[in-house]
Amino acid sequence: MDERLRRSLLYVPASAEAMLRKAPSRGADAIIVDLEDGVLPEAKEGARARAEALWLELDLGTSEVLLRVNAPWTPWHEGDLAAAERIRPAGLVLPKCEELVGIAAVAARLEETPLFLMVETARGVLAAPELARAPHAAGLLFGAADFRASIHASCEPDEEEVLLARSALVLAARAAGIEVFDAPFFEYRDEAGLERSARRARALGFDGKTCVHPGQVAVVNRVFSPTTEEVERARKVEEALEAAAREGRGVATVDGEMIEALHGREARRTLERARRA
C-alpha cells in the first residue's frame, strides 16, 4: 500500500465542467472524474474531450485525481483508455470487474498506473480474491446498487443484504495487501443514514467510502479518521509495550486488557492514519 490517505472518494461527472472546477474545494481525499455511469451515452464523447482538455488546467489541490472509464465491452472503452494514456491520471477506476483478462490488458497498456477495481456483481464478489491480486491493483471499490440487482436483493435500512459481499471484499483486499472502499450512499440528503452506513463499513474494515455528493465528504472523512479516544488509546498501547519491552516482557496491560505485539501494530496504524488525516 502507498502512503496516501484515502477516506473519501468523490465522483464528479466529466460532463459537468462547473462541478469539476469546484471539486478541489470539497475536501475529498480523492476525486473520481467519471466517464461511466455519471454521463449519459450521448454525452460521453464530449465529456471525455472536456475532461482531457481540463485535466492539466484544473488545480485540484491536495486531492488525488482518478479517472473512471467505461467497461471493456462498451463502444467508449478504447477512447477512454487512449485519453488515459495521454493524461496519465493518478489511478484508473475500472467498472464491472469480474475476471482478470481485461484487467491485465489495461495494466499492460497503462504500465505503472494504479488500478482501482469496481466489484459490482455476484460474479465479481466471487472473483474478488483473484481481482485483488491483478497486476497494478491498488484497491477494490464495492458497487452495492449493481450488486443488489445481480442477486435480486432489496435495499434494507440496515444494509444486511450486502454484509456478505462487503466482508468478502475486505478479506480479499487484506489478503492481497491493497485497500478497499465501500459503496456510495445514494440518499445524499440523509446525513444520519450516511453516517450509519459509513460506520458499518469502517467496523468491517473498509479504508474509506465513495461519495456521490460533495455534502457527504465531511461525514465520510470524519468517520474514517481515528477519534481522539482512539488516538489516546493507541499512544497508551505503544507506551505500555515499550515499557514492557524494556523489562524483557512481550505483553502489557492497558485499561485492564492484556495487549501484545498485534495491538502494537494496530496502534501504530492508528497513529499514522491520524497523522495523515
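The values are calculated or read from the model by the stated rules, or taken from the named source; none is laboratory data. Everything quoted here is computed from the prediction, not taken from an experiment. In this analysis, Cβ positions are derived from the backbone assuming ideal geometry, glycine residues included, and neighbour counts consider all displayed protein chains. These area figures cover heavy atoms from the full protein model, side chains too; ligands, DNA and RNA do not enter into them. Shrake-Rupley method; radii C 1.70, N 1.55, O 1.52, S 1.80 Å.
One residue stands out in segment 248-277 among those that are closer than 18 Å to LEU5 by Cβ and among the acidic types (Asp, Glu): the one that is farthest from the chain's Cα centre (by Cα), namely GLU266. Contact annotation: residue pairs with Cβ atoms under 8 Å, 6 or more positions apart or on different chains, pairing a residue in segment 247-274 that is on the phi > 0 side of the Ramachandran plot with a partner that is surrounded by 17 or more Cβ atoms within 10 Å (Cβ to Cβ), are ASP255/ARG233.
Condition check ((1) surrounded by 21 or more Cβ atoms within 10 Å (Cβ to Cβ); (2) at pLDDT 95 or above; (3) of a type in the set (S, T, N, Q)) across all residues:
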| site | (1), (2), (3) |
| --- | --- |
| SER8 | yes, yes, yes |
| GLY27 | no, no, no |
| ASP34 | yes, yes, no |
| LEU56 | no, no, no |
| HIS77 | no, yes, no |
| LEU92 | yes, yes, no |
| CYS97 | yes, yes, no |
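A Cβ distance below 6 Å, combined with a sequence gap of six or more or placement on separate chains, defines the contacts here; from segment 138-160, residues that are open to solvent by less than 70 Å² (accessible area, probe 1.4 Å) reach residues that are of a type in the set (Asp, Glu) in the pairs GLY139/GLU179; PHE142/ASP182; GLY143/GLU120; ASP146/GLU120; PHE147/GLU120; ALA153/GLU161.
Only residues that are under 14 Å from ARG233 (Cβ atoms) and either part of a helix (DSSP H, G or I) or open to solvent by 90 Å² or more (accessible area, probe 1.4 Å) (or both) were counted across segment 249-263, and they come to 3. All of ALA134, ALA153, ALA138, ALA165 fail the test of being in a strand (DSSP E or B) and farther than 25 Å from LYS44 by Cα, apart from ALA138.
Among the residues examined, ARG222 qualifies as open to solvent by 80 Å² or more (accessible area, probe 1.4 Å), of a type in the set (Lys, Arg) and either within 28 Å of HIS136 (Cβ to Cβ) or modelled with pLDDT of 90 or more (or both). Are any residues in segment 14-25 at pLDDT 90 or above and open to solvent by 40 Å² or more (accessible area, probe 1.4 Å), and if so, which ones? Within segment 14-25, SER15 is the sole residue that qualifies.
Do we find that VAL212 is within 22 Å of ASP29 (Cα to Cα), surrounded by fewer than 23 Cβ atoms within 10 Å (Cβ to Cβ), among the β-branched types (Val, Ile, Thr) and in contact with a Phe, Trp or Tyr (Cβ under 9 Å, 6 or more places away or on another chain) in this structure? In short, yes. When segment 1-20 is filtered for residues that are closer than 20 Å to LEU40 by Cβ and either among the acidic types (Asp, Glu) or without any contact (Cβ under 8 Å) to a residue 40 or more places away in the chain (or both), the ones remaining, listed by number, are VAL12, PRO13, ALA14, SER15, ALA16, GLU17, ALA18, MET19, LEU20.
Would it be correct to say that VAL217 is open to solvent by less than 20 Å² (accessible area, probe 1.4 Å), β-branched (Val, Ile, Thr) and at pLDDT 85 or above? Yes; evaluated as a whole, the condition is true for this residue. ALA175 satisfies every condition listed in (1) touching a Pro at 6+ places or on another chain (Cβ under 8 Å); (2) closer than 27 Å to HIS77 by Cα except (2). Would you check if ALA49 is outside any loop (DSSP other than H, G, I, E, B), of a type outside the set (Ser, Thr, Tyr), modelled with pLDDT of 90 or more and open to solvent by 40 Å² or more (accessible area, probe 1.4 Å)? When the stated conditions are applied, ALA49 passes them. The sole residue among GLU239, GLU232, GLU187 that is within 24 Å of MET118 (Cβ to Cβ), open to solvent by 50 Å² or more (accessible area, probe 1.4 Å) and of a type in the set (Asp, Glu) is GLU187. The C-beta contact set for segment 201-225 (first residue closer than 11 Å to ARG6 by Cβ, second residue open to solvent by less than 20 Å² (accessible area, probe 1.4 Å) and of a type in the set (Asp, Glu), distance under 6 angstrom, 6+ apart or interchain) comprises PHE206/ASP182; ASP207/GLU179; LYS209/ASP182.
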